[in-house]
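The block underneath contains the structure these notes are about, expressed in structure tokens.
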Amino acid sequence: HNGDCLLQEQRGERPTSSTRGALKNPFVGNVSKYVPLPPSEQRAGVKKGRLQFDACFESGNLGRADYVSDYEYDLFIRPDTCNPKFRVWFNFAVSNVRSEQRVIFNIVNFNKTKSLYRDGMSPLVMSTSRPKWQRIPSKSVFYYRCPDHGNNYVLSFAFAFDREEDIYYFSYCYPYTYSRLQQYLERVDALNLPYWKRELLSQSVQQRRLDVVTISSPHNLQTDSHQRMVFITARVHPGETPASYVCQGLIDFLLSSEPEAKVLRDNIVFKIVPMLNPDGVFLGNYRCSLMGFDLNRHWTEPSPWAHPTLHAAKELVMQYDRDPNISIDFYIDIHAHSTLTNGFMIGNLYEEEERLERQAIFPRLLSHTRPRLLHGTAIQQHTTFVYILWLTITGGSFQQRKTSFNRDVVKSGTGRRFLGGCLNPVTACYTLEVSFFSYSTAESHTQAPYTESSYLELGRSCG
């Protein structure tokens, strides 16, 4: 029944009485140019102002749209593929609008209770004639528990369409697609930089590329030289799009002519896997892969057929750890956070007091003045790198009080926890988080919302 109903919707038909009730069950697939209509209207000759919804595009997500009235629609997030638990990311298009048409959209099936939508965050909108994402004014956005929708949390926002010829796009956060990453990497390839190398590490279940890039001065890559390495991953959770902007900005900085970037290239080999979950990103999932796995819970024993990208990344890290000519100074996994603002760090707890203290010192240093760039001891080089990386990610908005260290059982399969327990004890393993929403400005300590360009600038900037 559920499949019949979805087929009816995707063909542009109203569900029949025998299948309409099945839509209450979990559903798969995105709406495709679907126009929800009141029961009294026929589909032939749909008039202007009857909104058409579409999410059949890369990173799109909208599973269902219900007509409530001429001024209101209930919208349902499509759950992650093969995993109905996760319903957060949305990204959809609306067309066939009427000029000056005002509507209320209710996204009615979020699986999360806590959300930055309760703290002033708002959805994003752009249109074909204005292709720059903007936040909807927070005064038009409401996030609340709704008894009419199974006590799920509902995001309601009001919007006024103004150009009939435009297609409007709405999204949870700034999209960053698999295709966008590939285009970016190809542009960098075309520069033929001597300190850049891009390789195919593996392919996903759906045969998408898992890229690993190397950034370092050529002399560091000679076979007889000792390499000090920093290994960085991002986008294991596909809906955490700020991580990709930050990772791209970081790559931009490391490839730049900035003096700090040259010092880092001269002393460190950077290995970066910018998109660990390309299938999940392409499909518009929030947290899972094509097969419904949260890859950041499977580092312990990733399967080469079910988690091929994670398996390949883990094998590469472990290969470097076994190499006597390579010292991995840091493993960094970049994420975005849906309930906290600013940037912060998550590290591991250790029984060895010296190791715990050594790991904890870096976040503390970052909350103080910028260290000078120095050649010399390991602590100076470590401090220099961590400061620059954190500055790129947080734009100086690092908050020491939000940094935490844990060894929760539920986190045992994460990259930070697993690698922190099996790599050389000198390797520091962290998760870097950047907010989906905002950061505290250094001058006034007020919250400033991130923009698409400011996420990139945070990665490019070093002071």
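My understanding is that a pair violates if its Cα-Cα distance is over 19 Å; which of LYS85/LYS112; LYS262/LYS314; LYS197/LYS271 do that in this structure?
Over 19 Å apart, Cα to Cα: LYS262/LYS314.
Per residue and in Å³, how big is the convex hull formed by the alpha-carbon atoms of segment 115-161?
It comes to 90 Å³ per residue, whole-number rounded.
For segment 157-195 and segment 31-82, what is the centre-to-centre distance using only Cα atoms, to the nearest Å?
Here the two parts' Cα centres lie 23 Å apart.
Roughly speaking, what is the stretch gain from ALA448 to ASP162, that is 0.36 nm per residue apart minus the C-alpha to C-alpha distance, in nm to one decimal?
So the extension gain works out to 100.2 nm.
Given H placed on each backbone N at 1.01 Å, which residues far from MET275 in sequence or on other chains put an amide H within less than 5 Å of it?
The list, which skips near neighbours in sequence, is ASP211, ALA234.
Pick out, in residue order, every one of the GluC sites (Glu not before Pro) in segment 108-215 that is DSSP loop and has at most 15 other C-beta atoms within 10 Å; say none if there are none.
GLU164, GLU165
So which lysines pass the test for LYS33, namely a Cα distance under 25 Å, with those fewer than 8 places away in the same chain ruled out?
Partners found: LYS24, LYS47, LYS48, LYS132.
Calculated FRET efficiency, TYR71 and LYS411, Cβ-Cβ r, R0 41 Å, to nearest 0.05?
The value I calculate is 0.40.
Under a Cβ-Cβ cut-off of 9 Å, what is the net charge of the residues other than ILE215 that fall near it, where Lys and Arg count +1 and Asp and Glu count -1?
Local net charge: +3.
Within the set of other residues whose C-beta is less than 11 Å from the C-beta of VAL97, count the net charge using Lys and Arg as +1 and Asp and Glu as -1.
In short, 0.
Could you tell me what a quarter of the Cα convex hull surface of segment 171-251 works out to, in nm² with one decimal place?
That works out to 6.4 nm².
Find how much the distance from GLU41 to HIS219 grows on full extension, using 0.36 nm per residue of separation minus their present alpha carbon separation; answer in nm with one decimal.
Answer, rounded to one decimal: 56.9 nm.
Percent of Cα-Cα pairs per 10 Å bin, from 0 to the last occupied bin, for segment 215-342, please list those.
12, 37, 33, 16, 1
Would segment 110-238 count as rounded, prolate or oblate if I go by the C-alpha gyration tensor, calling it rounded below 1.5 in a/c and otherwise prolate when a/b exceeds b/c, oblate otherwise?
prolate
Work out the FRET efficiency for ALA360 and ASP148 from their Cβ-Cβ distance, taking R0 = 45 Å, and round it to the nearest 0.05.
0.40
Just so you know, all these numbers are worked out from the coordinates, no wet-lab data involved. These numbers were taken from a predicted model, which means no experiment stands behind them. As a convention, Cβ positions derive from the backbone with ideal geometry for all residues, glycine included, and neighbour counts pool all protein chains shown.
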